[in-house]
Every structure is written in structure tokens, then in C-alpha cells.
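K.L.:
Have a look at this one before I ask anything.
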Amino acid sequence: MNDLDLKLKEFSQAIRETKKYQTYKKAAEIYEKDQEAQQLLKDFQTAQQNVNIYQQGHFSGLEEQKKEYENLLKEVRKNKVINDWIKTQKDMQKLIGLLAAELSQDINFKFTPPEKRSCCG
């Protein structure tokens with residue numbers, strides 16, 4: 001193992017020791033054990049996709065799909081397990097983004113995030 005690999009392992013360990021990472025791991029473990037929260041989030045995502053499909057296809061039944069989506073959205077917003085998990089994910093993404101920006105500045109090399117792509121291309 002070269003010196004850079006060793007430093008990377010130390011850096012990764014330092015990240016794992018942060019409070020943000022520990023909080024994220026705990027929230028993720030709780031979410032992974034909560035089948036009800038997982039199903040609720042899955043149902044919500046399906047309803048969200050259905051609304052998009054109905055809108056794009058100009059299908060009848062859009063209002064019913066919107067009502068289901070809104071009801072599930074209310075349930076998701078009330079679910080502490082889901083909200084804690086999503087919040088801690090966002091906190092970790094922000095931390096990693098800040099670290100990448102700092103590294104980019106320190107070594108004078110611009111990192112660019114991967115290009116966002118849609119599901120189909």
C-alpha cells in the first residue's frame with residue numbers, strides 16, 4: 001500500500017468518525033429495519049411516478065392519482081424514520097461536497113460532478 005492509499009484510508013476513517021456520519025448510519029439502520037417506512041416510501045415514489053405518467057400521457061384518472069400522491073406525501077412528511085434518513089443523507093452529501101470543493105481548491109484541480117442523466121439516457 002502506497003502512502004496515498006494509506007492517507008485515503010485514514011481520511012475515510014476520519015469521515016466515519018464524524019457525528020454526521022454516525023447520525024446517518026444510525027438513521028439508515030433504523031430505516032432498514034422499518035419495513036412499514038420502506039413500504040410507505042416505495043408507495044409514495046410509485047404514486048409520484050404515476051402522477052407524472054398520467055400528466056405526460058394526458059390519461060383520465062389524473063385527479064385520483066394526485067389525491068393518492070397528496071395523501072401519501074402527508075404520511076411521508078409525518079414519518080420520522082423516513083425524514084431522519086433523508087435529512088442525514090442530505091447532510092452527508094453536503095459534507096462530501098464541501099470536502100470535494102476543499103480538495104479541489106487545495107490541489108488547484110476543478111472537480112465536476114458527474115452529468116445528471118434521466119432514467120433513459
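The values are calculated or read from the model by the stated rules, or taken from the named source; none is laboratory data. Since the structure is predicted, the reported quantities are computational estimates derived from the model, not experimental observations. Here the Cβ is made from the backbone with ideal geometry for all residues, glycine too, and neighbour counts use every protein chain on show. Note: areas computed on protein heavy atoms with side chains; ligands, DNA, RNA excluded. Shrake-Rupley method; radii C 1.70, N 1.55, O 1.52, S 1.80 Å.
K.L.:
Give me the net charge for the shell around Thr18: Cβ to Cβ below 13 angstrom, other residues only, Lys and Arg +1, Asp and Glu -1.
P.N.:
Summing Lys/Arg as +1 and Asp/Glu as -1 gives +4.
K.L.:
While we're here: Per 0.36 nm of contour for each residue apart, how much would the distance between Asp3 and Lys67 grow if the chain were fully extended, relative to their Cα-Cα spacing?
P.N.:
17.3 nm
K.L.:
While we're here: Do any chymotrypsin sites (Phe, Trp or Tyr not before Pro) in the range 56-102 lie in a loop, going by DSSP, with at most 14 other beta-carbon atoms within 10 Å of their beta carbon, and if so which?
P.N.:
Answer in residue order: Phe59.
K.L.:
Separate question: Can you pick out the pairs among Lys42/Lys110; Lys33/Lys74; Lys25/Lys74; Lys33/Lys94 whose Cα atoms lie more than 29 Å from each other?
P.N.:
Cα-Cα > 29 Å for Lys42/Lys110; rest within.
K.L.:
Ok, one more. Report which label in (1) 11.0; (2) 6.6; (3) 7.2 holds the value of mean projected area of the Cα convex hull in nm² derived from the coordinates of this structure.
P.N.:
Label (1) holds the value from this structure.
K.L.:
For Ile86, Ile53, Ile15, give me the order by solvent-accessible area with a 1.4 Å probe, most accessible first, ignoring ligands, DNA and RNA.
P.N.:
Reading off the accessible areas and sorting them downward yields Ile53, Ile86, Ile15.
K.L.:
Let me ask another. How big is the gap, in Å, between the Cα center of the range 69-103 and the Cα center of the range 18-46?
P.N.:
That distance is 10 Å.
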